[in-house]
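Comments concern the structure below.
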Amino acid sequence: MPVSRSREAAGRAHSEEETDQVSDPAEDVSTPVIDSSVHVFFRSNADFRDHLREPFRSRGIPDYEMQYYGAPDGEYSPLAGTRDGEHPGSDPDLVGEELFEERGVDIAVLHPMTRGNLPDRHLNSAVYAAHNQMLAERWLDSGTYAERYRGTVRVNVEDVDGALKEIERWHDHPRMVQLGVPLQTRDLYGHPRYEPIWKAACETGMPVAVHVEVGSGVDMAPTPSGHARTYPQYFGFMALNYLYHLMNMIAEGVFEKYDGLKVVWADGGADLVTPFIWRMDTFGRPHLEQTPWAPRIPSDYLPGHVSFVHNSIDGPPDPGIAAEWLAMTGKEDMVMYGSSYPHWHMGGADTLPGGLTARQREKVLWRNAAQLYGIDVAAPVA
Amino acid sequence: MTVTQIHERVPAPALVPVRVVDNDVHPVPKNGQFLDHIPEPYRSRYFMRQRFGETITYDAPDYDEAKAMRMDAFPADGGFPGSDPEMAFQHVIMEAGCDIAILEPGSPEDIRPEIATARAIATNNWLDAQWLSGQGNWHGRWRGSICVAIEDPEGSAREIERWAGHPYMGQILLHAEPRPSWGHPKYDPVWAAATRHDITVACHLGRGAFDNHPRPPVGWPSYNHDFMVTYSLLAANQVMSLIFDGVFERFPTLRIVLVEHAFNWILPLMWRMDAIYAARGGDVPHVKRKPSEYVYDHIFFSTQPLDYPEDKLELTRSLELMRADKLLLFSSDYPHWTYDDPTWVLKHIPEDMRDAIMFKNGIELYKLPESVPPIEGQRRVF
Amino acid sequence: MTVESQPPRPRLAAGREHVVAKVGEIEPGDHKLVPIGRHGVGVYNVDGTYYAIANYCPHEGGPLCSGRLGGRSVTDERAPGGASLVEDGQYIYCPWHQWGFELASGTTAVKPEWTIRTYPVRVENDEVIVTA
Ligand code: FES
C-alpha cells in the first residue's frame with residue numbers, strides 16, 4: 001500500500017512503506033504537476049456577505065459544512081494552513097505557498113465550494129456569482145500566485161438562464177478554464193433541461209466539473225438506501241453517485257449530440273468506471289434499440305468526454321497491479337491528479353497508487369490536465 | 001428446446017457428482033395457486049380487494065411480447081415462464097445441465113410490512129406445496145428459499161423459525177430495496193434468526209414502486225439500460241453498510257449472497273473500503289478488521305449477470321485479482337431474459353476456479369449433497 | 001410465434017442443397033425451422049424474399065429462430081417520442097437476450113464484428129431450396 005492513507009500522513013508526510021517508484025513531486029524534476037482540484041472558500045461569512053448584493057445579502061444562507069455528514073473531527077486537514085478565524089482554503093498566498101513552494105505544484109485549478117443546493121434558485125445563483133467574483137478578483141487577477149491559478153465558474157443548473165449569463169460573464173476570462181456544477185441534482189445530467197449548459201460548455205470550450213455540493217441544500221439522502229449511519233459509508237458511497245449521471249448521459253445520447261462536451265468527475269472514484277462500463281456495454285447491447293440517439297457501444301463515449309480527479313483513496317493497494325489497472329478501460333487517459341485541498345483527504349502526488357509507469361504518472365500528474373484545460377507548462381529541463 | 005422429451009421418473013440408483021449448482025431460478029405460481037395460501041385476515045381484507053394490472057417501469061426490450069423472459073420459456077398452456085415445474089426441469093436441469101437449482105420466487109415488498117410478510121408466508125407455503133415437497137420435486141433437484149419481508153424484521157424472524165430444518169429450504173431470501181441499509185440495528189432479528197439456524201441469506205433485487213424503487217439520490221434513470229446497470233450501486237451501498245455498521249462483528253457466522261447485482265465492482269470497492277478504513281477507522285471503532293476481510297468471510301455473489309469487456313482477458317484478470325473462487329457462485333436467472341447458460345459461463349472462468357464457482361461454493365453455502373441420483377439424458381456441463 | 005416446429009431431428013447432412021418447402025408454404029412474415037445441421041436452420045419469407053439462418057445465436061447459443069421478427073429503431077425528430085421503427089420484419093431478435101440480427105446480412109447492430117451464419121436460398125419450380 002502506498003502512502004498517505006491516513007489523515008496523519010495526508011499531505012506532506014512520507015511513509016516508509018513507500019515504494020521506490022513513487023517519488024515526492026517536489027523532487028520529481030521530470031514531470032510538471034497540475035493540481036486539478038483545489039477547493040477555495042470565502043474567508044468568513046462576513047467576507048461572503050460583503051460580496052453579495054441586496055436583496056440577497058440579508059438572506060439566510062447555510063455555512064459550507066453540511067448537516068449529518070461532516071467528517072468527524074473536522075472537514076479540513078489540519079495540514080492546510082489558515083490565518084486566525086479564517087476558513088481554510090481562503091487565502092491565496094497561504095494556499096499558494098503550500099501548493100507551489102512546498103508541494104511542487106506548477107498550476108492549480110481552483111474550484112469554489114458554495115453553500116448547498118438552495119431551493120431558491122435566484123438566491124443560489126447570487127451565491128454562485130459572489131463566489132465567482134471572489135475567485136476572479138482575489139485569486140486569478142491579483143496576488144503573488146495569480147499566474148499559476150486557474151478557475152472554475154460555478155453555475156446553477158436549477159437556473160439555466162442564470163447559468164448561461166454567468167458563463168457569458170466569465171468565459172473570456174483568460175484564467176477561467178471550466179464550469180462547475182453539483183453532483184447532487186433533481187434530475188440526472190442526461191436530462192434535456194441541462195442541454196443549454198452543455199451547449200455553452202462546448203461553445204466556450206470549457207469542460208464541466210461535477211463535484212459534491214457542500215453545505216446543507218435540498219438534496220436527497222446520499223445513498224439509494226437512504227441515510228448512512230457512519231461517515232465511512234457516506235464517504236464511500238457519495239462520490240459514486242457520479243455513475244448514475246454518467247450512465248444516464250450515455251444512454252440519453254448527450255455525448256453523441258454534444259461531441260465537444262467534456263465532463264470531469266471531481267470526487268474521484270475512477271476505479272469503479274471499469275466494472276460499470278463493462279456492465280453498461282454487456283447489458284446495453286439489446287437496449288440500443290430503445291435509445292437510437294446513442295447508437296454506439298457505451299464505452300465508446302468515454303474517451304475524450306470523461307475525466308476524473310484522483311482522490312487520495314483511489315487506486316489499487318497493490319503496486320504490482322496499479323499500472324495494469326489504470327490502463328484498463330483507458331483510465332490512464334482520464335485520471336488527473338488533484339489534491340482536494342484543504343479537505344481532510346487532501347493529498348500530494350504521493351497519494352497516487354504505487355507502481356504506475358513513468359508515462360502514466362506523467363499523464364496523471366500533468367498531461368491529461370494540460371490537454372483538457374489547455375494549460376501550457378513546459379517540462380523543466382533536467 | 002421444446003418440452004417433448006419423455007423422462008424416466010424413477011431415478012437410477014448409482015450417484016453422479018454434482019457439477020453445477022444454480023443459485024437463481026425463478027418459479028412463479030400458476031393462476032389460482034397462490035391466493036389460498038395467504039393467511040387471514042390479509043387474504044380477504046387486502047389481497048382479494050386489491051386488483052392491479054401490469055406495473056412495469058423500466059422495461060426490457062420487446063417487453064410487451066417477451067415480458068423480460070426467455071421467450072422459449074412460455075409454457076404451451078398459456079402460463080407464465082417459471083410456472084411449470086416440468087418445463088423448468090427440462091430447461092434448467094436437463095438441457096442446461098444444472099444439477100441442483102435454488103428457487104428464488106419474487107415476493108414483493110410493501111408499504112405495509114405486515115402485508116409483505118403475509119405475501120412471503122403465502123409464497124413459502126405455495127413453493128413448498130408445488131415445487132419442493134410434492135410431485136414438482138420428484139427428482140429432488142429443487143431447493144427453495146425462505147422468503148422474508150425484511151421491512152418487517154420480527155415477521156421475518158418468525159418465518160425463518162417456521163421453515164428452519166425443512167429438508168428442501170436451502171436459504172433465506174430477501175430483497176435489496178427496503179430502507180435504511182442493512183447495517184441498521186432494526187434488522188438484527190433477521191440476522192439473528194439466520195445465524196441461529198446457520199442458514200445462508202440471499203439478497204435479490206426486487207424493484208419496487210414509487211420511492212421504494214432503488215431511487216438514486218441524484219435523479220431517476222431514464223431507461224432499463226441505465227437503471228439496471230446502476231442497480232449494482234444499491235448492493236455496493238449495502239456491502240458498505242453491512243461492514244461499516246459492524247453487522248459481521250455482531251453476527252460472525254452470517255453469510256450473505258448478493259444475487260443478480262453483478263460482481264465485478266466488488267474488486268475496486270474492496271480497495272475503496274480498505275483505503276477509507278485505513279484513513280477513517282477511528283470513526284467506526286466497532287469495525288475490527290479490514291473491510292475486504294469481511295467480504296471474503298461473509299459475502300458471495302452470483303455469476304449472473306456476467307459482464308465482460310471487449311478484451312475478455314481483462315475479465316480473466318479481474319477474476320484473478322478479486323480471487324473470484326472465494327466470492328462467486330454460478331447462477332442462471334432462468335427463465336428471465338438475462339439468463340446465463342452454464343456452458344457459456346464456464347468458458348469465462350479460469351480453470352482453477354471452475355469447481356469452486358460452478359458447484360463447490362454452492363454445496364458449502366447451502367449444505368447440498370455432493371452427488372445425486374443420475375437422470376438419463378441430462379446434459380453434463382463439464 | 002410462427003410455424004415453430006419440433007426439435008430438428010433427424011438431421012440431414014450439411015453442405016448441399018435442401019428442398020425445404022413449397023412456394024406458398026411459408027407466408028410472408030413467417031418462417032419454417034428445417035433440420036439442417038446441428039441446430040437447424042430457419043427459412044424466412046420477408047415480403048417474398050427468402051432468407052435462411054442458423055438456429056443458433058452466437059451470443060450464448062440461444063435458439064435464435066424461436067425469437068421474434070422486428071425492425072430497427074432510428075431517431076425521428078418528427079415522430080412523437082422522437083423515434084421510429086424502420087425495416088420492420090427484416091431482423092430476427094434472439095429469444096434469450098434480444099440481440100437483433102439482420103436476416104439479409106446476418107449482422108447485428110449490437111456487435112458489428114459478429115455475424116450469424118446465413119445460407120443462400122433460391123426458388124426453383126415452386127420449391128424453396130437452401131444450400132447449406
Ligand atoms: S443467446 Fe442470443 S442474444 Fe444471448
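Entry note, chain B: relative contact order of 24 percent, from Cα contacts under 8 Å with a spacing of 6+ residues. Within the stretch B:42-114, the trypsin sites (Lys or Arg not before Pro) that combine a DSSP coil assignment with at most 13 other C-beta atoms in a 10 angstrom radius are B:R49, B:R51. The lysine pair count for chain A, using Cα distances under 22 Å and pairs eight or more places apart or on different chains, is 7. Here is the interface size for A with C: some 800 Å² of accessible area buried, both sides summed, with a 1.4 Å probe. Contact-buried residues of the stretch B:254-292, at a threshold of 30 Å² lost accessible area versus the chain by itself: B:N264, B:W265, B:P268, B:W271, B:R272, B:A275, B:I276, B:A278, B:A279, B:R280, B:D283 (1.4 Å probe; DNA, RNA and ligands ignored). For chain A, modelled as a GNM whose springs connect Cα atoms under 10 angstrom apart, the maximal fluctuation among A:P112, A:P224, A:P295 occurs at A:P224. Just the number, please: carbon plus sulfur as a percent of the accessible area of chain A, 1.4 Å probe, no ligands or DNA/RNA counted. Carbon-and-sulfur percentage of accessible area, whole number: 48. For a straight C-alpha distance cut-off of 16 angstrom, the aspartates and glutamates reachable from B:K30 (same-chain residues fewer than eight places away being disregarded) are B:D77, B:D84, B:E86, B:E104, B:D128.
Taking amide hydrogens as placed 1.01 Å from N in the peptide plane, the amide H of C:R68 sits under 5 Å from those of C:Y93, each at least 5 positions away in sequence or on another chain.
Taking the 1.4 Å solvent-accessible surface of chain B as the whole, the part contributed by carbon and sulfur is 53%.
How many Å² of accessible surface get buried when A and B come together, counting both sides, probe radius 1.4 Å, rounded to the nearest 100? Using a 1.4 Å probe on protein heavy atoms, the buried area is about 5900 Å². Surface exposure of chain B, expressed per residue as accessible area with a 1.4 Å probe, stands at 35 Å².
Show that you can apply the helix-only estimate: for chain A, add -39,500 (n - 2.57) for every DSSP H stretch of four or more residues, divide by all residues, and state [θ] at 222 nm to the nearest 500. Counting only the DSSP helices, I get -7000 deg cm²/dmol. Here the Karplus curve 6.51 cos²θ - 1.76 cosθ + 1.60, taken at θ = phi - 60°, turns the phi angles of the stretch C:68-79 into couplings of 9, 7, x, x, 10, 8, 9, 5, 8, 5, 7, 7 Hz, with x standing for Gly and Pro.
Backbone geometry of the stretch B:254-259 corresponds, through the Karplus equation with coefficients 6.51, -1.76 and 1.60 at θ = phi - 60°, to 3J(HN,Hα) couplings of 5, 10, 10, 10, 8, 9 Hz, x marking Gly and Pro. Remark on A:V264: its backbone amide H falls under 5 Å from those of A:V208, A:A209, A:V210, A:S307, a criterion applied only to residues 5 or more positions apart or on other chains, H modelled at 1.01 Å from N. Of the chymotrypsin sites (Phe, Trp or Tyr not before Pro) in the stretch B:26-76, the ones in a loop by DSSP (not H, G, I, E or B) with at most 13 other beta carbons within 10 Å are B:F52.
How many nm separate the modelled label positions at A:L164 and A:R53, each set 7 Å beyond the Cα in the direction of the Cβ? Each label point lies 7 Å from its Cα, and together they span 2.0 nm. Probing with 1.4 Å while keeping every protein chain in the model, the per residue accessible area of chain C equals 49 Å².
Ranking A:N241, A:A163, C:G89 by how far each Cα lies toward the positive end of the dipole of the protein assembly as shown (charges on Cβ) leaves C:G89 at the top.
At a threshold of 10 Å², the residues of the stretch A:250-280 that become less accessible to a 1.4 Å probe in the full protein assembly than in their chain on its own are A:A251, A:E252, A:D271, A:L272, A:P275, A:F276, A:W278, A:R279, A:M280. When accessible surface is computed with a 1.4 Å probe, chains B and C are found to bury approximately 1600 Å² between them, both chains counted. Accessible surface for the stretch A:34-373, divided over its residues, is 31 Å² per residue with a 1.4 Å probe. Amide H contacts of B:N23: B:I102, B:S331, B:S332, each under 5 Å away and 5 or more positions distant or on a separate chain (H built 1.01 Å from N in the peptide plane; Pro and chain starts excluded). With R₀ fixed at 45 Å, the C-beta to C-beta distance from B:M48 to B:K367 puts the FRET efficiency at about 0.75. In the stretch B:218-232, burial by the other protein chains removes 50 Å² or more of 1.4 Å probe accessible surface, compared with the chain on its own, from B:V218, B:Y223, B:H225, B:D226, B:V229, B:T230. Counting Cβ atoms of other protein chains within 10 Å of each residue's Cβ and taking the mean over peptide B:234-240 gives 6. Of all lysines in the structure, those lying under 24 Å Cα to Cα from B:K360, and not within fewer than 8 positions of it along the same chain, are B:K326, B:K347. Annotation note: chymotrypsin sites (Phe, Trp or Tyr not before Pro) in the stretch A:25-93 located in DSSP loop regions with a Cβ neighbour count of at most 14 within 10 Å are A:Y68.
Just so you know, the averaged projected area of the alpha carbon convex hull for chain B sits at 19.0 nm². Looking at B:N212, B:H286, B:A118, which one has the Cα that reaches farthest to the positive end of the dipole of chain B (charges on Cβ: Lys, Arg +1; Asp, Glu -1)? The residue sitting most towards the positive pole is B:H286.
Projecting the Cα atoms of A:S142, A:G60, A:L123 onto the charge dipole of the stretch A:34-373, computed from C-beta unit charges around the Cα centre, puts A:L123 farthest toward the positive end.
The sum of -39500 (n - 2.57) across all DSSP H runs of n ≥ 4, divided by the residue count of chain B, sets its helix-only mean residue ellipticity at 222 nm to -8000 deg cm²/dmol.
Across peptide A:183-195, the average count of Cβ atoms from other chains found within 10 Å of a residue's Cβ is 3.
The charge dipole of the protein assembly as shown, taken about the Cα centre with unit charges on the Cβ atoms of Lys, Arg (+1) and Asp, Glu (-1), comes to about 1560 debye, rounded to the nearest 20. The charge dipole of the stretch B:19-367, taken about the Cα centre with unit charges on the Cβ atoms of Lys, Arg (+1) and Asp, Glu (-1), comes to about 980 debye, rounded to the nearest 20.
The lysines whose alpha-carbon is closer than 19 Å to the alpha-carbon of C:K32, local same-chain residues fewer than 8 away aside, are C:K22.
The values are calculated or read from the model by the stated rules, or taken from the named source; none is laboratory data. Because the structure is predicted, anything quoted here is derived from the model rather than measured. With ideal geometry, Cβ positions are generated from the backbone for all residues, glycine too; neighbour counts draw on all protein chains shown. We work out accessible area using only protein heavy atoms, side chains counted, and drop any ligands, DNA or RNA first. Shrake-Rupley method; radii C 1.70, N 1.55, O 1.52, S 1.80 Å.
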